[in-house]
Amino acid sequence: MKFRTVDQLEVQGRRVLVRLDLNVPLEKGRIGDDLRIRASLPTVRSIVERGGTAICMSHLGRPKGVDEGLRLAPVAQRLGELLGRPVTMLPGAADPGVAEAVAALQPGSVALLENLRFDPREQKGDPAFIGQLAALGELY
């Protein structure tokens, strides 16, 4: 099976769910090395510069439930700085109002879901959790 790259997808006016490796070292809420964030830039730019909406998701660390020290807000801030555009920080996919917040995003927007590992269903591959994530995008 041959997979298409993000550059080959018609993204204009569509929500693209993107799994990124944003598992960067954090110390006291500060990013120690942003190499993985920088590596994600071509993918995110490809989506938003062609009129798509990038709904980004990642994990950070290996938390057992919600860990305040492993929130993705610092990553969202750095991603926004590097992109030169704001990144909307969203709660987890299962949280109330997330689907509505995603639907309200304008083409060219970037959003980042909270640390996927905060939901114990993520590592289990729970079909309901996967469905909640998939419902946020039109393309993956």
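The values are calculated or read from the model by the stated rules, or taken from the named source; none is laboratory data. All figures in this text were calculated on a predicted structure; none of them were measured in a lab. Side chains are part of the model used for accessible areas, which takes the heavy atoms of the whole protein and leaves out ligands, DNA and RNA. Shrake-Rupley method; radii C 1.70, N 1.55, O 1.52, S 1.80 Å.
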HN-Hα J couplings of region 76-87 from phi, Karplus 6.51/-1.76/1.60, θ = phi - 60°, integer Hz, Gly and Pro as x? 4, 4, 5, 4, x, 4, 5, 7, x, 8, x, 10
Per-residue [θ]222 nm for the chain (sum of -39500 (n - 2.57) over DSSP H runs n ≥ 4, rounded to 500): -9000 deg cm²/dmol
Over the alpha carbons of region 1-50, what is the largest minus smallest coordinate on each principal axis, giving the biggest first in Å? 40, 27, 15
Comparing Q123, Q12, Q106, which has the greatest mean-square fluctuation in the GNM of the chain with Cα pairs linked when under 10 Å apart? Q123
Taking only the alpha carbons of the chain, what extent do you get along each of the three principal axes, in Å, biggest first? 38, 34, 33
What whole-number value in Å² describes the accessible area per residue of the chain for a 1.4 Å probe? 56
³J(HN,Hα) computed for each position of region 122-139 - Karplus, 6.51 cos²θ - 1.76 cosθ + 1.60, integer Hz, glycine/proline x: 4, 6, 7, x, 4, x, 5, 5, 4, x, 5, 5, 4, 5, 7, x, 9, 9
